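The values are calculated or read from the model by the stated rules, or taken from the named source; none is laboratory data. Just so we're clear, the structure is a prediction, and the values are computed from it rather than from any experiment. In this analysis, Cβ positions are derived from the backbone assuming ideal geometry, glycine residues included, and neighbour counts consider all displayed protein chains. These accessible areas exclude ligands, DNA and RNA; they are computed on the full protein's heavy atoms, side chains included. Shrake-Rupley method; radii C 1.70, N 1.55, O 1.52, S 1.80 Å.
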Amino acid sequence: FRESLYLGTPSNDTAIPLADHVLCQGLSEHDLSHLRTLLEPLSFAPGERIIETGHAPDYIYLLTRGEVSVSIELADGKRKRLSTLPAGMAFGEMALIDRAPRSANVTALTQVACAALPIAAFDRLQESNPALRMRLLTNLLRHVSGTLRRLTEKVGILTE
């Protein structure tokens, strides 16, 4: 994975270096180098669907540039936005935990760049670099915990 993909312009389009990404916090340069060999650079145009509800999980996405919208389809056919994620955040992360079909849609709001980690490559870390796999899982759990805390706060506000 080429570091040059992280070059951005000032403003919302500023790219996040892999080392500063939420899932890469505390990784050594050696681990970052190993991780880069597993990542696939992907880009998406504004309005392009990245993840579709119900589809089989294939990647976890490290958002390195741009913004995405996470939404669900309601029973009445309307779409409900759950969150907007900026560069530096991850999405599709539940796939590493439960391997269940995707539970939400993710759509590019701006030009988006992602470092996509194939789930199969993550699984192979169990044999090739279990310490890196554990650090990624620890960071993932921190990320998921933060998301759950924010959602709990929102539900609390809605019930007041």
Find the residue count for the range 17-54, including only residues that are open to solvent by 40 Å² or more (accessible area, probe 1.4 Å), touching a residue at least 60 places away in the same chain (Cβ under 8 Å), assigned to a loop (DSSP other than H, G, I, E, B) and not polar (S, T, N, Q).
5
Scanning the range 93-140 for residues that are touching a Pro at 6+ places or on another chain (Cβ under 9 Å), open to solvent by less than 70 Å² (accessible area, probe 1.4 Å) and either of a type in the set (Phe, Trp, Tyr) or part of a loop (DSSP other than H, G, I, E, B) (or both) gives ALA100, ARG102, THR110
Please specify each residue of the range 55-82 satisfying the condition of being touching a residue at least 40 places away in the same chain (Cβ under 8 Å) and small (Gly, Ala, Ser).
ALA56, GLY66, SER69
GLY88 is checked against (1) free of Cβ contacts under 8 Å to residues at least 60 places away in the same chain; (2) open to solvent by less than 50 Å² (accessible area, probe 1.4 Å); (3) outside any strand (DSSP E or B); (4) not polar (S, T, N, Q) and fails just one. What number does that condition carry?
(1)
From the list LEU74, LEU63, which residue is surrounded by fewer than 18 Cβ atoms within 10 Å (Cβ to Cβ) and either at pLDDT 95 or above or closer than 21 Å to VAL155 by Cβ (or both)?
LEU74
Need pairs with beta-carbon distance below 8 Å; first residue more than 20 Å from THR84 (Cβ to Cβ) and within the range 133-155, second surrounded by fewer than 12 Cβ atoms within 10 Å (Cβ to Cβ); sequence gap 6+ or separate chains.
ARG133/GLN126; ARG135/GLY26; ASN139/GLY26
